[in-house]
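The values are calculated or read from the model by the stated rules, or taken from the named source; none is laboratory data. The structure displayed is predicted, hence computed values, not measured ones. Here the Cβ positions follow ideal geometry from the backbone for every residue, glycine too, while neighbour counts run over all protein chains shown. Note: accessible area is taken over every heavy atom of the protein model, side chains too, but ligands, DNA and RNA are not part of it. Shrake-Rupley method; radii C 1.70, N 1.55, O 1.52, S 1.80 Å.
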Amino acid sequence: MLRLPRPSPRLWLMLLLLLVGGVLALIEQRNSLESAIGTQVNSGEPDYYLDGADMTRFDARGVPFQDMTSPHIEHTPEDDVTIAQAPKIRTNDSEDRRWYATGKRGVLSAGGDTFTLEGNAQLRQPSDAWTLDTDVLNYSREQNRAWSDVPVVITQNGQHIESNSFSADLSKDSAVLDGRVRGTLQPGKGKSAASKEAERIDEGSDATSNDSEGRVNSTFEAAPEASQ
Amino acid sequence: LDNDANQPINIAADSLSLDDKAGTATYTGRVEMRQGSMKLDASRVDISRANSGEISLVKATGKRAYLEQKPTPDDKLVKGWADTILYHALERRVELVGNARLEKGDDTFEGGYVEYFLDKRQVNANNSSDASQKSDGSSRVHMTLTPRGANTSKEN
């Protein structure tokens, strides 16, 4: 089944770690910004925000391996919550496979433990033609767990599994889908034409992609000058 | 049917546990599995895949698990019950283990263990399974074979 479902929960949930890491990097930047601003903030107002944020993270060799763009990120000191609007994440995993994560909002809770991708949350891994769709996907670093209390659909190569809720324990590399589990499995599914097609499309869409303001965003294309 | 093995498998259950290290998927709670004319109902189904990604073994357990399949469009359903049903997908072979009963056309096989080859439509039955006690305490194999043509004489 979905090769039940490949790849392993730990791999695709590790993406959330990278996502959290991405946002957390903003938090560290905040510290320097905050001291710069130092003004009294009214309740509910952000103490800092970023428009047209485009973050790239580099590995030890200086190669970019993760990008996150968001038209607007803000942090509200009152509840210590950081919210990224329409985050778009592109990242490579340890097996150099490309992943995409999107959602209407990415919310990092107070203290930075729990991260939630809300609103058409989707994780996508083209080379295995693997996709997870839900409306809310939560991740807790402390519990090393990801879960969704709303319906989830996992698809791969024309197979799919859906359920009312889902929980994955990253330390045990296991996941449970609970409540009205429905699935269609292919008896024997190697790398189908569908996944090759999906991969071809994705390589094409990397070159240019429209962001919400209709700007052609080739952020993923150019490797940013090492500003950090 | 002959092309059952190539059909998609539809499955429904209350819950699904995935263990990526073991490479298994365990469905629990009113599990219903359909593939072409084959139907499997159980309280738990464990699915394992071969390295190639193909489904290799389906293990169904229940009070009792039930399997049915239509050999050809003209044949009667083959029905099987057992505490454990092992469907070896790649070999197209079914093992009914413990409290086993197989109805094939007008013939019936009961015992601790019944093995059925889906494509050859061959049945092996023995009482080797330790849970081979039949309700009447005997642990022998019971077969009821209806002579071919017996039905037609009754109908004339």
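Chain B against chain A buries an accessible area of about 2100 Å², both chains summed, 1.4 Å probe radius. Extending 7 Å from Cα along the Cβ direction at B:LYS76 and again at B:ASP2 yields two label points whose distance is 2.4 nm. Kindly provide log₁₀ I(q)/I(0) values, in the same order as q = 0.17 Å⁻¹, from the Debye equation applied to equal alpha-carbon scatterers of segment A:86-185. Log10 I(q)/I(0), no solvent term: -0.82.
Along segment B:52-57 the Karplus relation, 6.51 cos²θ - 1.76 cosθ + 1.60 evaluated at θ = phi - 60°, assigns HN-Hα couplings of 6, x, 6, 5, 9, 9 Hz to successive residues, with x for each Gly and Pro.
The B:GLU68 and B:ASP14 beta-carbon pair, evaluated with R₀ = 30 Å, returns a calculated FRET efficiency of approximately 0.85. Per residue, segment A:86-185 exposes 38 Å² of accessible surface when a 1.4 Å probe is rolled over the protein heavy atoms with every protein chain present. Between B:THR108 and A:ASP51, the modelled labels are 8.1 nm apart [label points 7 Å from Cα along Cα→Cβ]. For A:GLU142 and B:SER48, a Förster radius of 35 Å and the Cβ-Cβ distance give a FRET efficiency of 0.55, rounded to the nearest 0.05.
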